[in-house]
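Asks: Take this structure, written in C-alpha cells, and hold onto it; I'll ask about it next.
The values are calculated or read from the model by the stated rules, or taken from the named source; none is laboratory data. Not measured: the values here are computed from a predicted model. Cβ sites come from the backbone with ideal geometry, for glycine too, and all protein chains shown count toward neighbours.
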Amino acid sequence: MAYPCHVTSERTGRSAASDPPESRGPGGGGTVTELRVFYDDAALAHVAPGGEFDVPASRRLAVEEPHPDRRERVENVVGILRSELAAETTWTGFDPATPTQLQRVHEPSYVAEIRTWAGEGGGRLTPDTGGNTETYRAALTAAGGAVAAAERAIEADDEVPYALVRPSGHHAQSDRADGFCFFNNVAVAAAHLLATDRADRVAVVDWDVHHANGTQEIFYDRDDALVVSLHQDHDSWDEETHPQACDLTERGTGDGTGYTVNVPLPPGTGDDGYQYAVAELVEPVVASYDPDAVLVSAGQDPGTVDPLGRNAVTKSGFESLGADARRIAADHAGGSLALVQEGGYHLSHVAYATLGVLEGVLDVETGVGDPYANVPGDTRSAKRAVDEAVAAHGDFWPLR
Ligand SMILES: [Zn+2]
C-alpha cells in the first residue's frame, strides 16, 4: 500500500535516515513495518489515588475502587499489539519532553509546581486528578512520546507513529491539571511542529469521549492550530479546574476565532453517529484548513462499555475512525498523521478498541472481534446533534 509522501528534509534538515534507535520493546519488534509505537515503561509508574472515583474511599463500600486511570489500560494495549499486530509494529524509545517543549504551552511556574508536588509524594491535585512520586517523570515522558510521534509523522512517509503514553494530556491547560492530565501531550507536540517550522498549520482531531478543553484553551487565540473535538455533551465538571463549557458557543477568540470546532454528541452516539460526524463536519473542516499534519487525540473511551463515557462505539466503529484519520491525513495533510493516546478506561475494551483504530489506520484485518459489541447506538439523536454543530460552524467553514 502506497501512501502520499510528505518528506520535509528541506524544511527540517532531517531525513528518514536519522531514525531513532529501534528498541526490542515489549513487542519484541525489529522489522520496520507500518506502525511505529513510541512507548516507555514510565507510563506504568504513575499511580493515581484510589477511592470512589473523585472522593477518597469511604466506609460505605466493602471494596476500594482503584482510580480509573490504571496502568493495566496501557499494559492491555501493549498486550494486544504484541499478540495481533506484532509483524506490523516497530517499538521505539524516545526522550522525555524538554523544558522548552513544555513551556511552549505551559506556564513555567506550573511545570515547576508539578515537579515539586510529585517530588514530595504527590496525592490529589484536584478531586479526580492525582499521582505519586513518579507522576512528573511519567507526564514528562508522555509529552516526549507525543513530540517524537509528531516529528515522525512529518519525517516518515511509509508508517504511522502512535504515542502509547500515560498519563493522558488533553484536559491539561496552560496552568492547571484536570481530568487525569498534567501536561497536554498533543498540544506540546503540535506546538513543537509549529515552533520548529516543521509545520505551518496543525490540525488536532480529538475523538476522546470527553471534551478537549485543555487543547482548546491552549490554542484558543491561534489560527495555526485547529482543534476539532468530538465529545459527549457534558458541561464543566469543576469551575476551578475545568472552566470551559465544552459547547458550540466556544469557537476561539481573536486570530483563533473559528478554529475551535466543538461537536457535542449525545450518549450512545454509536458507530454510525460518529461516521456521520466525520463525513459532515470533521473531514470538510480539515480539508478546508489544509494542515501540514493531523494529530489525533485518540481516546477510546467512547467505547461501548467504557465506565466514563459509553458513547457506544464498537471495535468496528473505531476501525472506521482509524481509516478516516488515515484517509483525511493522506488527502489533506500530505499523509502526515500521528496518534496520541488519551483516555479509555474499560481495561479490556480499551485494548480491543485501540486495536480497531490501528487496524483501520493500517488497513489490515486481524479478524479479532469485539467481545462487548452489544450496545446499539442512537444514530437519530447523534445526527440531530451533528446537524446542530454543522449549523453552528457553517458560517466559518464550508459545510453543507
Ligand atoms: Zn476521556
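Asks: Output the qualifying pairs, or none if there are none: Cβ atoms under 8 angstrom, residues six or more apart or on different chains, first residue in the range 179-195 and surrounded by fewer than 24 Cβ atoms within 10 Å (Cβ to Cβ), second residue at pLDDT 95 or above and outside any loop (DSSP other than H, G, I, E, B).
Replies: As it stands, the answer is Leu194/Val202; Leu194/Ala225, since those pairs meet every condition given.
Asks: So which of Thr135, Thr129, Thr141 ends up being in contact with a His (Cβ under 6 Å, 6 or more places away or on another chain) and within 28 Å of Leu339 (Cβ to Cβ)? Walk me through it before giving the result.
Replies: Numbers: Thr129 fails: in contact with a His (Cβ under 6 Å, 6 or more places away or on another chain); Thr141 fails: in contact with a His (Cβ under 6 Å, 6 or more places away or on another chain).
Every option except Thr135 fails the conditions.
Asks: Also, quick follow-up: Restricting the range 282-312 to residues that are in a helix (DSSP H, G or I) and not charged (D, E, K, R), which is nearest to the ligand (Cβ to nearest atom)? Please lay out each step first, then the result.
Replies: Our first condition is that a residue be in a helix (DSSP H, G or I); within the range 282-312, this holds for 282-289.
This time we only want the ones that are not charged (D, E, K, R), so: 282, 284-289.
Numbers: Val282: 18, Pro284: 25, Val285: 21, Val286: 21, Ala287: 26, Ser288: 27, Tyr289: 24 Å.
Applying the filter and picking the extreme gives Val282.
Asks: Could you figure out which of (1) over 20 Å from Ala225 (Cα atoms); (2) free of Cβ contacts under 8 Å to residues at least 12 places away in the same chain isn't true of Leu164?
Replies: (2)
Asks: I'd like the full set of residues that are under 19 Å from Ala149 (Cβ atoms) and among the hydrophobic types (A, V, I, L, M, F, W, C), limited to the range 324-350.
Replies: Residues satisfying the conditions are Ala325, Ile328, Ala329, Ala330, Ala333, Leu337, Ala338, Leu339, Val340, Val350.
Asks: Looking at the range 347-375 only, could you name the residues that are within 17 Å of Leu337 (Cα to Cα) and either among the acidic types (Asp, Glu) or without any contact (Cβ under 8 Å) to a residue 24 or more places away in the chain (or both)?
Replies: Glu359, Asp363
Asks: Which number in (1) under 20 Å from the mean Cα position of the chain (by Cα); (2) at pLDDT below 95; (3) not small (Gly, Ala, Ser) marks the one condition that Pro127 misses?
Replies: So Pro127 meets the others, but not (1).
Asks: Among residues belonging to the range 201-216 that are among the charged types (D, E, K, R) and within 16 Å of the ligand (Cβ to nearest atom), point out the one that is farthest from Phe180 (Cα to Cα).
Replies: Among those residues, the one meeting the criterion is Asp206.
Asks: If a residue must be free of Cβ contacts under 8 Å to residues at least 60 places away in the same chain, crowded, with 24+ Cβ neighbours inside 10 Å and within 12 Å of Phe180 (Cα to Cα), how many such residues does the range 105-148 contain?
Replies: The number of residues fulfilling the criteria is 0.
Asks: Only residues that are within 19 Å of Ser229 (Cα to Cα), within 16 Å of the ligand (Cβ to nearest atom), part of a loop (DSSP other than H, G, I, E, B) and in contact with a strand residue (DSSP E or B) (Cβ under 8 Å, 6 or more places away or on another chain): list them for the range 313-367, please.
Replies: Correct list: Glu342, Gly344.
Asks: Here is a further query. Of everything in the range 140-168 that's in a loop (DSSP other than H, G, I, E, B) and within 23 Å of Ile328 (Cα to Cα), which residue is nearest to the ligand (Cβ to nearest atom)? Please lay out each step first, then the result.
Replies: Step one: of the range 140-168, the residues in a loop (DSSP other than H, G, I, E, B) are 156-159, 164-168.
So of that shortlist, the ones also within 23 Å of Ile328 (Cα to Cα) come out as 156-159, 164.
Values: Ala156: 28, Asp157: 31, Asp158: 31, Glu159: 26, Leu164: 16 Å.
Going through the qualifying residues, I end up with Leu164.
Asks: While we're looking at this one, here's another question. With Asp290, Asp233, Asp238, Asp301 as the choices, which residue is under 13 Å from Trp207 (Cα atoms) and surrounded by fewer than 20 Cβ atoms within 10 Å (Cβ to Cβ)?
Replies: Numbers: Asp290 fails: under 13 Å from Trp207 (Cα atoms); Asp238 fails: under 13 Å from Trp207 (Cα atoms); Asp301 fails: surrounded by fewer than 20 Cβ atoms within 10 Å (Cβ to Cβ).
Criteria check complete, one pass: Asp233.
Asks: Looking only at the range 250-278, count every residue that is over 18 Å from Asp206 (Cβ atoms), out of contact with any Ser or Thr (no Cβ under 8 Å at 6 or more places or on another chain) and part of a loop (DSSP other than H, G, I, E, B) and tell me the total.
Replies: Number of matching residues: 2.
Asks: If I go through the range 125-139 residue by residue, how many of them are in contact with a Cys (Cβ under 9 Å, 6 or more places away or on another chain) and part of a loop (DSSP other than H, G, I, E, B)?
Replies: The total comes to 1.
Asks: Can you name every residue in the range 94-118 that is in contact with a Gly (Cβ under 7 Å, 6 or more places away or on another chain) and outside any helix (DSSP H, G or I)?
Replies: Of all residues in the range 94-118, those in contact with a Gly (Cβ under 7 Å, 6 or more places away or on another chain) come to 94-97, 118.
Within the range 94-118, Phe94, Asp95, Pro96, Ala97 qualify.
Asks: Another one. Please determine, by comparing only the residues of the range 318-328 that are surrounded by 24 or more Cβ atoms within 10 Å (Cβ to Cβ) and touching a residue at least 60 places away in the same chain (Cβ under 8 Å), which one is nearest to Asp200 (Cα to Cα).
Replies: If we take residues in the range 318-328 being surrounded by 24 or more Cβ atoms within 10 Å (Cβ to Cβ) and touching a residue at least 60 places away in the same chain (Cβ under 8 Å), then Ala325 is nearest to Asp200 (Cα to Cα).
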